[in-house]
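Everything on this sheet refers to the single structure shown next.
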Amino acid sequence: MSRIIAFAYADAIPRLTPIYRGLAEDLVTNVKAVMPGVPIVHVTDEKTHPIPGAEVLRVERNVPLMTWHMLCHQRAQALGDEVLFTEPDVRFRTEILHVFDDQDFDIAVTEREVDSTWNIDGQKVMLSEIAPYTLGTTFSRSAKFWEDVTAHCATLGMPEQHWIGDMLSMWAVMQTGRYKVKVMPGQIYNHIPCSREDCCEVKVVHY
């Protein structure tokens, strides 16, 4: 059974490109050190230069960013039976692919650890209510799940398709009950640190 680690990154916001390219390059270095020998796939658009040290999968970016993000997950799933999806600003402190030893899930997601508000149609809502799970560390065995998430994301308003729509749609598809979902503690597998010292007991840090 093949396993890969995949992350989606494109130079979509020019002013942030120097920061996020640096983060993505360091992510590849981090993965190679912590989980050596596991193929790393950089999923990107038709124009972005590849991140050194990773294989490249190109997905044309002709839809809003969050919808494209989920399409990247859908396409990348075809490259491995089991895919650990991550993001450029995530760092692994230890090997975590053993999560796949549990055969009883299609998708394993991490709980939201830090809450905030989002404005939808003029109403402020808590993210924990509309998107209680995040995408920094996601374990996947199902391309169909991401196909459904992509389709749902494409139905959202433009603000959400450009930001947070990926998490909104993941939660919406999880609630259908069509997929076996395992929930992982965010404070362990997707920890948001408050300081340099605030990551002693965790497996994954998300900056």
By residue number, the members of segment 96-112 that are in contact with a helix residue (DSSP H, G or I) (Cβ under 6 Å, 6 or more places away or on another chain) and open to solvent by 70 Å² or more (accessible area, probe 1.4 Å) are Glu111
Search segment 113-124 for residues being assigned to a loop (DSSP other than H, G, I, E, B) and more than 17 Å from the chain's Cα centre (by Cα), and hand back the single one that is surrounded by the most Cβ atoms within 10 Å (Cβ to Cβ). Asp115
Does Gln161 meet the test of being in a loop (DSSP other than H, G, I, E, B) and either open to solvent by 10 Å² or more (accessible area, probe 1.4 Å) or under 16 Å from Leu71 (Cβ atoms) (or both)? no
Does Val31 meet the test of being under 17 Å from the mean Cα position of the chain (by Cα), farther than 23 Å from Glu160 by Cβ, of a type outside the set (Gly, Ala, Ser) and surrounded by 16 or more Cβ atoms within 10 Å (Cβ to Cβ)? yes
Are there any strands (runs of 3 or more DSSP E) wholly within segment 1-78 with 2 or more residues that are in contact (Cβ under 8 Å) with a residue 24 or more places away in the chain and under 30 Å from Gly157 (Cβ atoms), and if so which? 3-8, 40-44
Assess whether Leu127 counts as being open to solvent by 40 Å² or more (accessible area, probe 1.4 Å), over 15 Å from Thr138 (Cβ atoms) and among the aliphatic types (A, V, I, L, M). no
Looking at Leu65, Leu84, Leu16, which one is at pLDDT below 95, aliphatic (A, V, I, L, M) and under 26 Å from Ile192 (Cβ atoms)? Leu16
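The values are calculated or read from the model by the stated rules, or taken from the named source; none is laboratory data. Remember, predicted model here, so these are calculated numbers, not experimental data. Glycine gets a Cβ as well: all are built from the backbone with ideal geometry, and neighbour counts include every protein chain shown. The area values use the complete protein model at the heavy-atom level, side chains included, leaving out ligands, DNA and RNA. Shrake-Rupley method; radii C 1.70, N 1.55, O 1.52, S 1.80 Å.
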